[in-house]
1. How large is the helix-only mean residue ellipticity at 222 nm for the chain, computed as the sum of -39500 (n - 2.57) over DSSP H runs with n ≥ 4, divided by its residue count, in deg cm²/dmol to the nearest 500?
2. If you fit an axis through the alpha-carbon atoms of helix 254-269 and take the longest principal axis of the Cα set of the chain, what angle between them do you get, 0 to 90°, nearest 10?
3. Considering the zone a paramagnetic label at residue 197 would reach in this model (a point 7 Å from Cα along the Cα-to-Cβ line), which residues of the stretch 28-47 have amide N under 16 Å from it?
4. Set the bar at 26 Å for Cα to Cα. Now go through 383/451; 280/477; 346/490; 280/346; 197/383 and name every pair that lies beyond it.
5. Using only Cα atoms, find the angle between the long axis of helix 83-110 and the longest principal axis of the chain, and express it within 0 to 90 degrees, rounded to the nearest 10.
6. Could you give the size of the charge dipole of the chain about its Cα centre, using +1 on the Cβ of each K and R and -1 on the Cβ of each D and E, expressed in debye and rounded to the nearest 20?
7. List, in order, the whole-Hz ³J(HN,Hα) value for each residue of the stretch 155-171 obtained from phi through the Karplus relation with A = 6.51, B = -1.76, C = 1.60 and θ = phi - 60°; use x for Gly and Pro.
8. Can you tell me how much longer the chain between residue 278 and residue 384 gets when fully stretched, taken as 0.36 nm per residue apart minus their C-alpha distance, in nm with one decimal?
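Every number in this text was worked out from the coordinates using simple rules, so none of it is lab data. Quick caveat: nothing in here was measured; it's all calculated off a predicted structure. Counting neighbours? That spans all protein chains shown, and the Cβs are built from the backbone with ideal geometry, glycine included.
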Amino acid sequence: MAGGSLAPIGVVKERAELYQGRVTLHVLIACMVAAVGGSIFGYDIGISGGVTSMNGFLQKFFHSVYIKKQHAHENNYCKYDNQGLAAFTSSLYLAGLVASLVASPITREYGRRASIICGGISFLIGATLNAAAVNIAMLLLGRIMLGVGIGFGNQAVPLYLSEMSPSHLRGGLNMMFQLATTLGIFTANMVNYGTQKLEPWGWRLSLGLAAIPAFLMTVGGFCLPETPNSLIERGSKERGRKVLVRIRGTDNVDAEFQDMVDASELANAIKHPFRNILEKRNRPQLVMAICMPAFQILTGINSILFYAPVLFQSMGFGRNAAFYSSALTGGVLAGSTFISIATVDKLGRRVLLISGGIQMIICQVIVAIILGLKFGENQELSKSYSILVVIVICLFVLAFGWSWGPLGWTVPSEIFPLETRSAGQSITVAVNLLFTFIIAQCFLAMLCHFKFGIFLFFAAWITVMTLFVFVFLPETKGVPIEEMIFLWRKHWFWKRIVPEYPQVDENETI
């Protein structure tokens, strides 16, 4: 400590019971517009897998994969195993990882809207480059620009939603991001279903239509109000209070406003949030920012969504049947998000995460057994077993859609104090995209070598993450975002680590 004195210590009093307000039209419109940012992420997830199985796309950019795909006696599990093809998908997520870290200071210094707008513009440029791609270099450049857009969008949008929402409905409103993501996936699957018939140029239309959600995100960013938390943190207290009054629908916002002011004083005392987030008092949030997004990807969901057409074709489904099945899984995922929106603020986060985890484990094991017993290297599944596999995968997607899908974003976005919130969200997005990159790059090779064991691999990870939630994650339902610190002080494990009162060394303010 510098001379034994301390800087501001943030929120020190629980005032949640004094919060006033309701869900206003202003909040609903702002959250719906902001959530469009999730659609760019979902559209790319859905579109990539379909495009990489289109003959016209493979012939132009990955001819060796096209030849292997046509080989009648090729190993079913290995026909798409190509690191160049995997790099087309995964390069975006590496770019997004870097962009999410760059987005943190922009989000903090210039507001959440600034990062949303930057993300929309970058994604729009990437979509244009991909649709006009004439060589692999141009294609990869477009993917990098898409990744930058996703990095900025995923960093800012969940924060925006959490800060705008009233605490008693924060979970449901925050999940509009996941809803937009799932609708983007479903839309992409339906687009692929139509464009795969437009050989050899249908892939251009699939990739180019990404410009639509990017345009909506960009325009929406200009129209959105800034969050009161961000305005207060950047010194505009009066504007912040006016926005808070408008979105809560009442003049009686003193308690919530004071929590924001207290939090902003500590936030402004912190000049190095990434360094500060490593402090012992921020250990629980840091652990969650790393584990929650990593576990979300280790469910195996992105592998199924990326490569649904590829996966189903590998199992012997016909070309049209594969696209139809992947469109079905996309529809199930979108529908299941409504279950989470309706229940998350009633049942809580832990119940959904644990129940979803158990159902996903069962589904992964069943698929592994079916493929292990009934699917060889040069044979196709029978019609009855093919239908059963699709049903079980849909049940898996259903469970993910009400649990780890939305909550993998919601929980990290709501647990950080204001002074490390942008940095924490950047870490969350970076970890998510890092693991997305790793799984996307490795999945086709893992499918080739592990065969049906790939599903057991993911089942084992889901078991680990379900136990993690049961032991280490406190229930955040209904807790005001600026009072999350009190949760860690009461938790049986984290209270041993988090000090009773937060203290900031004055050296940190330099």
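1. The per-residue figure over the chain is -24500 deg cm²/dmol.
2. Roughly 80 degrees, rounded to the nearest 10.
3. Those under the cut-off are none; the list is empty.
4. 280/346
5. The answer is roughly 10 degrees.
6. 740 debye
7. So the Karplus estimates, Gly and Pro as x, are 6, 9, 5, x, 4, 4, 5, 5, 6, 7, 7, x, 4, 6, 10, 4, x Hz.
8. On the way: separation 106, 0.36 × 106 = 38.16 nm, distance 5.30 nm.
Once the chain is fully extended between residue 278 and residue 384, it gains 32.9 nm.
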